[in-house]
1. I'd like the residue in segment 658-689 that is in contact with a Pro (Cβ under 8 Å, 6 or more places away or on another chain) and assigned to a helix (DSSP H, G or I) and, out of all such residues, is farthest from Pro755 (Cα to Cα).
2. Can you tell me which condition Ser342 does not meet? The list is (1) in contact with a helix residue (DSSP H, G or I) (Cβ under 7 Å, 6 or more places away or on another chain); (2) under 30 Å from Asp420 (Cβ atoms), and all the others hold.
3. Does Ser342 qualify as being out of contact with any strand residue (DSSP E or B) (no Cβ under 7 Å at 6 or more places or on another chain) and surrounded by fewer than 20 Cβ atoms within 10 Å (Cβ to Cβ)?
4. Considering Phe153, Phe124, which residue is touching a Leu at 6+ places or on another chain (Cβ under 9 Å) and either among the acidic types (Asp, Glu) or open to solvent by less than 30 Å² (accessible area, probe 1.4 Å) (or both)?
5. Mind telling me which of the residues Val66, Val101, Val87 ends up being modelled with pLDDT under 95, part of a strand (DSSP E or B) and touching a Phe, Trp or Tyr at 6+ places or on another chain (Cβ under 6 Å)?
6. Across segment 237-251, which residue is nearest to Phe307 (Cα to Cα) among those that are open to solvent by less than 30 Å² (accessible area, probe 1.4 Å) and in a strand (DSSP E or B)?
7. One residue is enough: does segment 252-261 have a residue meeting the conditions touching a helix residue (DSSP H, G or I) at 6+ places or on another chain (Cβ under 8 Å), closer than 28 Å to Gly739 by Cα and in a helix (DSSP H, G or I)?
8. Of Asp390, Asp377, which residue is of a type in the set (D, E, K, R) and in a loop (DSSP other than H, G, I, E, B)?
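The values are calculated or read from the model by the stated rules, or taken from the named source; none is laboratory data. Note that this is a predicted model, so its numbers are computed, not measured. A quick note on method: Cβ atoms are made from the backbone with ideal geometry, for glycine too, and the neighbour counts reach across all protein chains shown. The protein model used for the area step is the full one, side chains on, heavy atoms only, and it has no ligands, DNA or RNA in it. Shrake-Rupley method; radii C 1.70, N 1.55, O 1.52, S 1.80 Å.
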Amino acid sequence: MRKRFAFFSLLAFVVLIGPLCLADDKIALNEQEYFSGPGFSFLLFHNNYQVGYQGGLQMILNDERVLDSGDLFLQPKEGQPRPELRVLRREVDRARGVATVVGEIKNWLLAYHVAVGSDGQRIFVTLKLDQPLDWNKVQAAGFKINLYPGTYFSKSYQSDSGSGVFPHQYTGQSALLDSVRMVNVAEEDPLHNFTISRPEGTLRLIDTRQGSPQGWFMIEAPFEPGSQSTEIGIIITPKLSPAWRRPPVIGISQVGYLPRQPKRAILEMDPRDAAHEPVNLYQLQAGGEKKLVKSQVPKPWGKFLRFQYATFDFSEVQQPGLYVLEFQRQQAGPFQIADNVSDEAWQPTLEYFLPIQMCHVAVQEGERTWHGACHLDDAAQAPANRPWIDGYQQGEHETQFADNQHVPGLDWGGWHDAGDHDLPAGSSAHTTLALALAEEEFRPHLDQTTIRRAEREVLLHQADGKDDLLQQIEYGAESMLASYRIAGHISPGIIENTEHAYGHLGDPINITDNRVYDASLPPGGVQCDRSGKFDDRWVFTNRNTGLQYIVAQSLAAASRVLRGFNDTLADESLKSAQELWQYEQTHPPVFTPNSYVPRSDGGFHSQELAATAELLITTGDAKYRDRLIALIPVLKGISGEQFGSGPGWVLARALPKLDDPEYKALVRALAEKWKLAADQRAAGNPWGVHYAPEVMHPDYKLEARTGIHSSFVWGEGWNLQDDALRHYYLHKAFPDLFGKAPVFATVDFVLGAHPANNRSYVSGVGAASPLIAYGFNRADWSHIPGGVISGASLVKPDYMELKDFPFLWYQTEYVIGGAATYIFDVLAAQKLAGD
């Protein structure tokens, strides 16, 4: 009891003095409802993605998020329901300098709260339950918080009864420390050193990577089993460094610039810094010296989210060569100014990434095998009324196939969507459309890949006399048509039938036995290409009207560019697109929830408009023109933002096929509305891209104020790439309204002129790029050349982050759609610079 009194007497003292700790070198509760100090932030459930280590209590120390997902943990006994923790609100008592997060375990009828205060140097956390635990239901419970391993690998940990070094890999020992009262982390690293202590109980330091390498280290403060205690208190003491300043980030394109394009460096600085020193641009000389080309104090931009920004424009520098930029003892580069930088930027994505993502084939690069011919047993009908992982859901069957029955014809075509191995139709459609438009608009030619269908073999860096981009478009079309041939509609996608297979790391050839499941065979039995082992992926087959329109648009565009390359496939693609469109025109719209399918806007009008316009462009058929005109009342009801982020760019492309004055005037008026919103977004951030968190995510400010939360967590790179593709066509249709700048700015953003750091978002592209990323080879701490990550994500309310870590999928994962729009955008920038 004496220890309890001592701890809470101290907490009471902290509450009393909290409001007085307002000096710049102290920790205090700020207006955004988190605790901040010099180089320090302690967030209180501003983020809610704990499954991805991005939520709960979080600590940022000298520009590194080192603690995350601090919260109550409950481990139920076998047979007991899994607890469903839910955060209800955050309450702030500014007079006392205390913030409290109120939560509940709804299915256990248990409430709890987490109170946080500070004395200016330390953080005090108190977890309190509203009633004692029922130990008949609970195996273990307490407070837990995770340590980011990337910062602490090979760093020390010490305690009152043991010490060690954080291992790079799991060593077979989960408990690194047990029954200790304090843990001192990384004493030798003054920028990331902190201690965590528990005056009234014990702590455990745990390595959670026993089941998967993507786990973090964890510190637990457990309740004693059987205890009637309802409170846990811990103290976190960071090593504050008031004199520390975050080094500036010099945001540039890591690849370089075309001679005639705009060139700007974006300087990201500590919030306490200002850009008083000049930026120096040097050209590297063959003799080893540096030639000063331009020196100028950068132009202040102001504050965006947490940091200060300034810009340095060197657009007038056009002489080809190698350059570096220097500012405040930091250097960026080398980068090129050259006519061929665009080719160096986009070609690896087509040479490496897209072929490597191809499913149903073996991919070889000389002596290296990227992966074997996988999933040749695709696919089994997903069981009826089955919700599944990653958003996949199967309702009642709409095919002739029974639960788990083999669906033939699905073993060719399609790319693994991301670091996992599913084949979602929405992603395939998005990818195929962007690639088809890139081929149609820019006609790049590259032949570096051989595809041998009969051998199910792809050979990198071996020409086969066929255009690689057209071969990838062909592969995407084959994937979409496969399900249409069988079901008469597009199936949402194919995914593994167990969570273990879904989380597979390594060569995907090892996920299944590549033999079709045959229920008549015993579990270990094999007969020719069939087996009794049920490891086949499931195909989810419910129709979704929005998806049907999306695929119709993609196939319509693909048919145009496949003409003359594969006429048979071009004919089938167009015929199928027309049939999909016609079916949806004559049947009520259906929204069947699933992964990678759009939500209804009252009838999937956005997708219908886009598909109808694309078919009009492809065929010139009057029925598509008449339908667009009939949809004028729908167009009159949308906003400029809905036009710009929806079908506007497709409608603008179709304008030459229409002669209706009212329709043309309406599209023009909506374009003008979108221009105002787009210009406002571009002006609202230092990079000039259409990124504005409070506009793109309306609950952004509300979340920071109240703790009400959403799942927005991914980096914005792919969304900005989509935006640049749309903007290119709007510029082409309305050059008096839409300039070229957002396309250039987006490409520069993806290639290094972005928040958090200045690495390119494209692996192996540019002087600095993500060489550790979330691909299928992530467990090797490796990358796939040409893969495009989503990039820096927002840790709400105001911190942009991009870690060099392979298991943060919301920052470093590749997706096929991001690769396709990246190719388009780089080619678009090249064309606009030439224009």
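1. The residue in question is Ala678.
2. (2)
3. Considered against the rule, which asks whether it is out of contact with any strand residue (DSSP E or B) (no Cβ under 7 Å at 6 or more places or on another chain) and surrounded by fewer than 20 Cβ atoms within 10 Å (Cβ to Cβ), Ser342 comes out as no.
4. From the options Phe153, Phe124, the qualifying one is Phe124.
5. Val87
6. Val249
7. No, the conditions are met nowhere in segment 252-261.
8. Exactly one residue qualifies, and that residue is Asp377.
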